[in-house]
Each structure stands twice: as structure tokens, then as C-alpha cells.
Amino acid sequence: MSEIKSTLAAREIILKDLAAIYIGNLNTVDNDLILPKTGKYGSSFCWSTNESRFIDETGKVHRPLHGMGNRNVTLKVTAAYEDAEMEKEFLVTVLQEAKETKIVSVRDVNVYAKPYERAELPSVVIVDCADGRRMTLPVAWDLYEPLSYEGTVCVAGSIMEGEKRARAIIHYGERKPEINVPCEKLRYYPITDVKLLDGTLYYEYQQDMLTYLLNCDDDQMLYNFRKAAGLDTLGAPPMTGWDDEKCKLRGHTTGHYLSGLALAWGVSKDDRLFRKLVYLVDELQKCQEAFAESGNCHRGFLSAYSEEQFDLLEQFVKYPEIWAPYYTLDKIMSGLCDCYEIAGIEKAKEILTLMADWVFERLSRLSKKTLDQMWSMYIAGEYGGMIGTMVKVYRLTKSVRHLEAARLFDNEKLFIPMEENCDTLEDIHANQHIPQVIGAMELFRTTGEERYWKIGKHFWEIVTGGHIYCIGGLGETEMFHRAGTTCSYLTERAAESCASYNMLRLTGQLFAYTADGDMMDYYDNTLRNHILTSSSHACDGGTTYFMPLEAGGSKMYSTEENTCCHGTGMESRFRYMEHIYAYSEDFVYINLFIDSELSGEENLEIRNAEEDKIKIFCRKDMSRRLKLHIPEWARKNFAVWVNGAKVKAAELEKEYFTVPGLRRAGDEIVIHMPMELRLIGNHSDSSFVNIAYGPYILAALSEEKEFRTVPKLSDLKPAEGRLLFEADGIRYLPFAMVDTEAYHVYFKKRTD
């Protein structure tokens with residue numbers, strides 16, 4: 001009996017050691033891995049690999065040559081303790097070597113400067129490559145000493161160690177050509193005024209996440225902060241996965257958790273959520289004070305580790321030796337910002353102000369050259385939404401140094417080509433850069449500077465014009481690929497949830513200035529067919545990291561690894577309602593047909609949004625007229641009734657239908673948008689199609705690993721249950737209703 005107990009104890013130790021192993025983000029590996037030889041609780045580890053050509057048993061990485069493609073490698077660890085032994089596998093994606101860069105041409109740089117002032121030249125130039133790529137490369141400008149700072153001055157520069165020459169044209173005394181920059185047309189109602197109604201997946205998944213957040217251990221979320229600050233961890237269990245105490249991204253999940261709790265409280269007004277927020281903010285302030293009192297950190301610093309990662313970034317140390325310290329800082333600051341702006345917790349603003357001061361003091365002492373090199377680094381230099389976060393802090397504090405700190409995150413490698421409307425996205429990390437553009441839009445909103453509007457608008461147009469899948473998601477193994485090639489990347493690692501989460505936020509920013517219904521078409525498709533679809537069907541906080549789009553793929557919900565998508569997933573369920581309604585001086589806009597209720601000055605209710613006939617009820621007299629977004633799939637065949645009388649069809653304005661007259665309490669509007677089956681073609685590969693029913697992308701439940709031929713639409717017959725179809729014994733249903741079953745979303749086009 002004692003031997004059995006001993007074996008059980010040994011196995012428990014091994015299980016704990018295996019669960020605690022963290023060797024980095026294995027989805028995009030381009031550097032050697034550090035494989036531990038012993039476990040936290042005493043197990044010994046022996047590593048093996050199924051592809052030693054790409055990763056050997058020591059963790060040495062040998063990237064495939066370009067053209068061979070990324071390679072999936074299975075690392076296996078055998079853990080032993082006393083007489084017990086167990087194994088665990090890790091799937092690693094090793095990125096192929098970068099493409100060989102053969103430059104065909106270098107785009108001139110035009111710089112506009114005041115007379116007698118030395119011009120500041122950019123750190124990168126845009127080049128065209130022989131293989132069709134357009135990209136940015138660092139440039140070293142020649143020293144120049146013009147006789148006068150008037151007229152036009154040309155300055156040469158070297159790229160790729162002098163292989164090609166660049167040219168900057170400095171226009172002294174000339175004004176940069178201007179464009180018509182739009183004014184803000186719309187504003188959104190606070191989420192506290194919008195409530196989802198029961199009976200939809202939006203409501204169901206939101207409630208699941210609310211339950212999950214209520215059950216999270218606050219002391220566990222504080223574990224890494226308290227430990228780093230030298231405080232008692234109160235016996236809380238350590239965090240896991242990307243927040244493991246050995247992981248260099250630790251702390252980011254707690255930031256998302258703060259945002260998730262604040263948003264959830266804004267939606268529900270549940271006192272239990274508010275008490276959790278107050279406790280977390282109080283304890284984080286104690287950590288911030290402990291860091292300052294230790295003498296090892298500068299005043300205002302707060303993170304789940306010391307300042308060392310920031311020191312190393314300034315020395316250009318690469319990932320995985322460091323892992324995106326400003327990205328983690330952004331999540332913490334964003335969470336505190338939400339605690340203040342949504343829940344009104346004053347102490348969160350106090351912590352945030354000190355952190356913002358720390359950021360300014362840290363970065364303002366660095367040269368532009370150092371900053372440019374930092375922000376261009378892969379993953380290590382990823383800083384999330386720090387631009388936008390610092391702008392938001394500036395709006396709270398009115399401290400000019402906080403606005404200046406936002407500008408110190410300017411990433412010329414991305415911003416220069418986007419300002420010029422050049423697609424240089426191929427082979428760059430998708431979600432490293434989308435939040436930077438969101439930040440540019442926050443700068444535009446605050447300063448009105450034209451360049452930031454151009455960056456936001458052009459980036460959105462480039463991404464949605466050539467880089468998205470049918471579900472609105474983008475990126476494969478987290479990376480952008482060449483525009484118009486999405487069907488070449490129908491893999492198990494397509495469409496990262498974080499990227500869509502941030503694209504929706506960017507779309508909302510732009511829509512406020514354009515009121516363009518085409519933008520809402522993208523928004524609705526991505527929200528419904530990716531973000532909603534990414535939600536676990538249980539109260540476990542799970543969100544898909546990638547959305548498999550291969551034949552016979554299946555969803556995997558990130559629950560314990562604390563990935564970036566698990567983090568944004570804690571927020572996204574409470575952002576479903578964020579852009580349903582908007583308003584201008586004269587109109588209320590209904591942008592998305594989701595069962596919901598708007599309270600406040602206007603009081604509206606949307607019902608039956610998943611049916612052919614959507615009902616809108618007015619609960620109060622309205623002083624604004626009503627505009628209804630008519631989605632692209634319904635524009636040819638829709639009708640509107642007001643209080644039972646059909647309204648005469650009118651020409652849509654930017655895809656919106658204006659309901660005649662002001663609405664009064666008790667009015668009922670019915671929109672008839674017949675949902676029909678249809679095929680959606682793919683510009684990147686005309687041999688693939690998708691099936692849609694109204695706004696829903698349909699998935700076929702099938703484990704086949706070869707792409708199925710699309711059935712004839714006439715063969716798809718209604719099945720038992722709403723929105724369900726069958727053909728040839730295969731069930732077809734909205735993608736958001738699929739859980740862990742194997743499915744097909746892309747189909748081969750019929751040739752008959």
C-alpha cells in the first residue's frame with residue numbers, strides 16, 4: 001500500500017511539474033528555445049523531437065530555408081520522479097527564413113520643413129523588391145550642410161550596407177499638400193446604457209464570461225505583482241502559461257482582467273464585480289508603493305517583474321530573452337484606465353498618472369534612433385496600444401508630457417508606408433501593429449493631425465481590401481502575408497482572435513468620422529462570424545487563439561495558458577454592444593441588429609434580430625430621427641414598416657435607411673430582410689467559396705481532411721432547429737454555433 005501511495009505522490013509531482021513548464025510562445029518560433037532540465041517540484045526532464053532538422057533536443061532552432069514554408073515540430077518531454085514517469089508534447093511552429101531581399105527601386109522621401117530649420121529625416125524608406133514585395137528598410141542618411149535652408153535640398157542615404165541609395169527631398173518653406181480631414185460625425189452611447197437581451201448567443205456567451213470572472217481568484221491575479229514587489233502573496237496559487245512566474249510576459253492577463261471586470265460591471269452593475277475591482281486596485285497601489293520604496297525601481301513603476309526587461313530592450317536584446325515589456329505595461333494601464341473611466345475608481349487614476357510619468361521619464365531620455373530601433377524589433381519591441389493609452393491618460397490629466405509620451409511610440413516602420421498608402425504588411429506580425437494604428441487614431445482624435453487620419457484610414461483599407469478571410473479575421477501564424485493570398489493559408493493557425501478584436505476597435509474609431517455603412521458590414525461580419533464564434537460554449541473563460549480554417553479543423557479554446565487571446569476574450573464579450581447604437585446631433589444610428597435595449601435620452605429596443613423580421617420598439621419620444629443600417633446581403637430585398645404601414649422605399653445614404661419623421665413612445669418599426677442561402681466567392685482563389693445564410697457564415701460538420709465540394713444550394717434543406725440545414729447527411733449551421741466538432745468553412749467550387 002505504501003508503494004502505491006508513493007507512486008501516486010510521484011505522479012502528482014510530475015503532473016505539477018509538467019503543468020508548470022513554459023518555454024515561450026510556440027506559435028512563431030525564430031530563435032532557440034530554453035528547455036528546462038528539471039521541474040519546479042523536483043522532476044527530471046528529458047527532451048526529444050520528431051524533427052531534429054528544425055529543433056534539436058537541446059532547443060537549438062534551425063529555421064527552414066525560405067520557400068520550404070513554416071514547419072510544425074513536436075517536442076516531447078519525458079518527466080521522471082522516483083519510479084514514476086510521464087510525457088507531455090508541445091507543438092512548435094518554426095518560421096521559415098526571411099525572404100531574400102533584392103531591391104528594384106527605392107521610393108523618394110519628401111520632407112517639409114520651416115526655413116532655416118534642420119529637417120528631421122525618417123529612419124526607414126519604402127522599397128520595391130524583385131519578388132513583388134513592398135517593404136520598409138532602415139536608411140543611413142548622409143550628413144548634409146546646405147549653404148542655406150531655403151528652397152529644395154536633396155539628401156542621399158544608404159540602405160542594405162550601401163547596396164542601394166535612397167533620396168530625401170527636403171522642401172523648405174513649402175506647405176505639405178493637405179487633404180480634407182473629416183470631422184467627427186458620430187458618438188457612441190456608453191456601454192452602461194446598452195443591455196443585451198436574453199435569447200441570443202451574444203447574451204449567452206456574455207453571461208458565461210460574467211460567471212467566469214466572478215469565480216476568478218483575485219489573489220492569484222495579484223501573485224506576480226506582489227512577488228515582484230516583495231510583498232506577501234497570501235498563499236495564492238501561481239499564475240500559469242504566459243503568466244507563469246518564469247514567463248517574461250507575466251502581468252498582461254491581470255491587465256485584461258481589470259478591463260474585463262470593469263466592462264462587466266458597466267454592463268451588469270453587479271456589486272460583486274465592483275468589490276473585486278476595488279480590492280485589485282487597492283492591492284496594485286500597494287505594489288506600486290513597494291516598488292518605489294525598494295530603491296530598485298523608479299517612482300511610478302508597476303509591473304509583474306522588475307525594470308530589467310525595459311533596460312534590456314534599450315540594449316536591443318531580442319525575444320525570447322525579453323518579451324514585449326511595454327505590451328504588458330499597456331495591458332495593465334488600459335485595465336486601470338477602464339477601472340477609472342467605467343467604474344469611477346479614483347485610486348486607479350492615481351496609479352495610472354504615476355505610471356504615465358514613469359513612461360515619459362524613461363523614454364524621453366532616449367534618442368530618436370534608439371526609439372526607432374526598439375519599436376521595429378519583432379515581438380521584443382511590441383508595445384500594444386501604448387500610444388492610445390497614453391493619449392487617454394493625457395485626456396484625464398491634461399499633462400502635456402503624457403501626450404508627448406504617446407508620440408515617443410511613433411513607429412515609422414509602419415506609419416510611413418501607411419501614411420503613403422503603401423501595403424508593406426507582408427511578413428510582419430499582425431497584432432503587433434493593429435493597436436499601433438488604433439493609437440494613431442487616438443492621436444488624430446486629440447490633435448487633429450492629418451497624418452494620423454491617413455495612417456488609420458489607409459491601414460484599414462489595405463487590411464480589409466486584401467488580407468481578410470471570409471469571417472473577417474486575418475493573419476496566419478500571427479503574420480500578415482501577401483495581399484490577395486488568404487486562400488493559400490487555410491490552416492489550423494488562421495485568424496488570430498486578438499487581431500479581429502483590435503480591427504473592430506479600429507473600425508469603430510473610423511466609423512465615427514465616416515458614418516459609412518460598408519464599414520459596418522465588415523464590423524458585423526467580423527463580430528458575428530469570428531469574435532462571437534471564438535467564444536467557448538462553457539463558463540471557462542475560453543477563447544480561440546487561432547480559428548482553424550483548414551478542412552476538418554476544430555476549435556481549441558485557450559483556458560489555462562493565459563494567451564493574449566484569452567486576455568482580449570475576457571473583454572470582448574462585454575464589447576458586443578459597444579457599437580450597436582450611435583448618435584449625431586440629428587440622428588440615432590442603429591448599426592447592428594442584435595437583440596438589445598438602449599436606455600438614457602433615447603430608449604429603444606431591438607428584438608428578433610436573428611429572424612427575417614426585426615422589430616424596433618420606441619419606449620420614449622425621440623428628439624432625433626432614426627437611421628437603420630441595411631447590410632450588404634439585404635440591400636436588394638428589404639422593406640420597412642412603421643406602426644403597420646409600409647414606408648415608401650428611399651435611396652440609401654451610405655447604406656443607411658432614414659425612417660421618416662420623429663418617433664414617439666409606443667412606435668414599432670419592422671424591418672423585413674429575408675435571409676437566403678448564398679455563395680460567397682474569394683478574390684484570392686476563385687476555386688473556393690463559402691456558404692452564407694443572411695449574415696451567418698455556415699460551417700459543415702465533417703472530419704474529412706480534404707476540402708469538400710460545395711453542395712447545390714437547392715440541396716440544402718432546413719433541419720430541425722433554427723438556422724440549421726442538411727445536405728447529403730451533412731449538417732450545416734452558423735459558425736458561431738459550432739463548438740469542438742470538426743468542420744469545413746471553405747468549399748471547393750462546383751464545376752458542373
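Each value in this text was obtained by applying a stated rule to the coordinates, not by laboratory testing. Since we're looking at a predicted model, the values are computed, not measured. Every residue, glycine among them, receives a Cβ derived from its backbone with ideal geometry; neighbour counts consider all protein chains shown.
For each of Met160, Met547, count neighbouring Cβ atoms within 10 Å of the residue's Cβ, then give the residues from fewest to most.
Met160, Met547
Which shape class applies to region 168-267: rounded if a/c is under 1.5, otherwise prolate when a/b exceeds b/c and oblate if not, where a ≥ b ≥ c are the square roots of the Cα gyration tensor eigenvalues?
Values: a/c = 3.50, a/b = 1.42, b/c = 2.47.
Oblate, since a/c reaches 1.5 and b/c is not below a/b.
In region 567-627, what GluC sites (Glu not before Pro) fall in a loop by DSSP, with at most 11 other Cβ atoms inside 10 Å?
Working: sites: Glu571, Glu578, Glu585, Glu597, Glu601, Glu602, Glu605, Glu610, Glu611; in loops: Glu578, Glu585, Glu601, Glu602, Glu610, Glu611.
Those that pass, being in a loop and sparsely packed, are Glu585.
Using alpha-carbon pairs under 8 Å, 6+ residues apart, how would you state the relative contact order of region 273-391 in percent?
33 percent.
For the chain, with the dipole built from +1 on Lys and Arg beta-carbon atoms and -1 on Asp and Glu ones, taken about the Cα centre, which of Val393, Val317, Gly381 lies farthest toward the positive end?
Among Val393, Val317, Gly381, the one farthest towards the positive end of the dipole of the chain is Val393.
Under the rule of at least 5 residues apart or a separate chain, name every residue whose amide H is placed under 5 Å from the amide H of Ile55.
His62
Return the sequence-ordered ³J(HN,Hα) values of region 420-429 in whole Hz as given by the Karplus equation 6.51 cos²θ - 1.76 cosθ + 1.60 applied to θ = phi - 60°, using x for Gly and Pro.
8, 6, 10, 7, 10, 7, 4, 6, 10, 5
With contacts defined as alpha carbon pairs under 8 Å and 6 or more residues apart, what's the relative contact order of region 345-433 in percent?
This gives 32 percent for region 345-433.
Report, in debye and to the nearest 20, how large the dipole of region 640-752 comes out about its Cα centre when Lys and Arg carry +1 and Asp and Glu carry -1 on their Cβ.
That gives a dipole near 380 debye.
For region 330-391, state which trypsin sites (Lys or Arg not before Pro) are in a DSSP loop and have at most 11 other beta carbons lying within 10 Å of their beta carbon.
For trypsin sites (Lys or Arg not before Pro) across region 330-391 that sit outside H, G, I, E and B with at most 11 neighbouring Cβ atoms in 10 Å, the list reads Arg365.
Return the calculated 222 nm mean residue ellipticity for the chain, to the nearest 500 deg cm²/dmol, obtained by summing -39500 (n - 2.57) across DSSP H runs with n ≥ 4 and dividing by the residue count. Please report the intermediate quantities before stating the final value.
Working: 17 runs with 237 residues, N = 752.
Helix-only estimate at 222 nm: -10000 deg cm²/dmol.
Evaluate E = 1/(1 + (r/R0)^6) for Glu97 and Asn296, where r is the Cβ-Cβ distance and R0 equals 30 Å; express this FRET efficiency to the nearest 0.05. Intermediate results must be reported in sequence, preceding the final value.
Numbers: r = 40 Å, r/R0 = 1.34.
Efficiency computed from Cβ-Cβ geometry: 0.15.
Could you please state, rounded to a whole Å, how far the C-alpha centre of region 362-376 is from the C-alpha centre of region 584-631?
Here the answer is 47 Å between Cα centres.
Of Cys129, Ala84, Pro115, which is farthest towards the positive pole of region 79-189's charge dipole, taken about the Cα centre with +1 and -1 on the beta-carbons of Lys, Arg and Asp, Glu respectively?
It is Pro115.
Using the Cα centre as the reference, give the magnitude of the dipole from point charges on the C-beta atoms of the chain (Lys, Arg: +1; Asp, Glu: -1; all else neutral), rounded to the nearest 20 debye.
Dipole about the Cα centre, nearest 20: 1380 debye.
Peptides 453-459, 136-142: what's the order by average Cβ count within 10 Å, highest mean first?
Ranked by mean Cβ neighbours within 10 Å, highest first: 453-459, 136-142.
Place +1 on the Cβ of every Lys and Arg and -1 on the Cβ of every Asp and Glu in region 554-606, take the dipole about the Cα centre, and give the residue among Asn562, Tyr581, Gly600 whose Cα lies farthest towards its positive end.
Projecting each Cα onto the dipole axis, the largest value belongs to Asn562.
So, with +1 on the Cβ of K and R and -1 on the Cβ of D and E, and no other charges, what is the size of the charge dipole of region 619-704 about its Cα centre, to the nearest 20 debye? Display every interim value, and only then the final one.
Numbers: 13 positive and 11 negative charges, 167 e Å.
So the dipole magnitude of region 619-704 works out to roughly 800 debye.
In whole angstrom, note down how far apart the Cα centers of region 66-135 and region 230-258 are.
Rounded to whole Å, the Cα centres lie 29 Å apart.
Taking a cut-off of 20 Å between Cα atoms, list the lysines near Lys620, but don't count ones fewer than 8 places away on the same chain.
Cα-Cα hits under 20 Å: Lys195.
What's the lysine pair count for region 1-152 at a Cα cut-off below 16 Å, pairs eight or more apart or interchain?
Final tally of qualifying lysine pairs is 9.
Starting from the eigenvalues of the Cα gyration tensor, five times each then square-rooted, give me the equivalent ellipsoid semi-axes of region 596-752, largest first, whole Å.
37, 17, 13
For Ser306 and Arg708 in one chain, what is 0.36 nm times their gap in residues minus the Cα-Cα distance, to one decimal in nm?
So the chain would gain 139.5 nm between Ser306 and Arg708.
Quote the relative contact order of the chain in percent (integer), defining contacts as alpha-carbon pairs under 8 Å separated by 6+ residues.
10 percent
For Lys195 paired with Arg53, estimate the spin-label separation in nm (one decimal), with each label point 7 Å from Cα along the Cα-to-Cβ line.
6.1 nm
Can you run phi through the Karplus equation (6.51, -1.76, 1.60; θ = phi - 60°) for region 270-280 and list ³J(HN,Hα) in whole Hz, with x for Gly and Pro?
In residue order, the calculated couplings are 6, 4, 4, 5, 5, 4, 5, 4, 4, 4, 4 Hz.
Can you tell me the length gained on complete extension of the stretch Lys749 to Lys176, counting 0.36 nm per residue apart and subtracting the Cα distance?
Full extension from Lys749 to Lys176 adds 201.4 nm.
In whole Å, how far is the Cα centre of region 398-462 from that of region 673-741?
If we compute the Cα centre of each part, the gap is 38 Å.
Calculate the FRET efficiency for Glu85 and Ser399 from the Cβ-Cβ distance with a Förster distance of 51 Å, rounded to the nearest 0.05. Mind dumping the intermediate values first?
On the way: r = 59 Å, r/R0 = 1.15.
Calculated value: 0.30.
With percent of Cα pairs over 39 Å apart in mind, check (i) 46; (ii) 39; (iii) 36 and report the label derived from this structure.
Answer label, from the structure shown: (ii).
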